[in-house]
């Protein structure tokens, strides 16, 4: 993957996400199936009939400006599932690459927090996973992620804290009390990895290679309840 640019606007009930990817074929001409995760992390505990058929709302994917033909794929227990990914539902589409060709893929969707982002102690958090990048040959040449928090999440200025430090050794009751007493706080996993300005969290990296042996997550939250 030559580059990946992700922009998200986090609202109270959902997030608006747009992504721009550039893929470059360094080999001979080929057809590649691309996939986008489209479900929650508890899918493996559900029967097929209980799976949500549309989790990402308003999903649109274009390849070099043309609409992609999407197909919903559901993995079963008997599938040859060599990865550790815990998602069963995927939106897939095929892309033809000529030798040496670069292709630009644009995606946009709304992710309801109650469905696609896990809730802990009744408070949702926003999560963007990079682990799928481990399936690609080589690294992500240029990775840029920007998350803006809308005013319906926190009304005033935001205080960013490290989640592990802020919630370390707290009981469930104490965690709930923490969010009640910190209404303008957003907790981040691995706070030192990000840059902060006003209501925006940014993450950038070059030649980034996610490790398929463990999940690589950029998680912000849980988001506090509105005043």
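The values are calculated or read from the model by the stated rules, or taken from the named source; none is laboratory data. As the structure is a prediction and not an experimental result, all values here were calculated from the model. Counting neighbours? That spans all protein chains shown, and the Cβs are built from the backbone with ideal geometry, glycine included.
Suppose we keep only residues that are surrounded by fewer than 17 Cβ atoms within 10 Å (Cβ to Cβ) and modelled with pLDDT under 95 within segment 101-114. Which one would you say is farthest from residue 68 (Cα to Cα)?
114
Could you tell me which residue of segment 4-25 is farthest from residue 206 (Cα to Cα), considering only residues that are modelled with pLDDT of 90 or more and over 16 Å from the mean Cα position of the chain (by Cα)? The residue in question is 25.
A quick yes/no check of all residues on (1) closer than 20 Å to residue 20 by Cβ; (2) at pLDDT 65 or above; (3) not in a strand (DSSP E or B):
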residue: 73; (1), (2), (3): no, yes, no
residue: 80; (1), (2), (3): no, no, yes
residue: 96; (1), (2), (3): yes, yes, no
residue: 132; (1), (2), (3): yes, yes, yes
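Condition test on residue 213, is it surrounded by fewer than 17 Cβ atoms within 10 Å (Cβ to Cβ) and modelled with pLDDT of 80 or more? No.
Among the residues of segment 198-210, those identified as at pLDDT 80 or above and either in contact with a helix residue (DSSP H, G or I) (Cβ under 7 Å, 6 or more places away or on another chain) or more than 21 Å from residue 4 (Cβ to Cβ) (or both) are 198, 199, 203. Is it true that some residue in segment 47-59 is modelled with pLDDT of 90 or more, exposed (fewer than 14 other Cβ atoms within 10 Å of the Cβ) and out of contact with any strand residue (DSSP E or B) (no Cβ under 8 Å at 6 or more places or on another chain)? No, there is no match, as no residue in segment 47-59 is modelled with pLDDT of 90 or more, exposed (fewer than 14 other Cβ atoms within 10 Å of the Cβ) and out of contact with any strand residue (DSSP E or B) (no Cβ under 8 Å at 6 or more places or on another chain).
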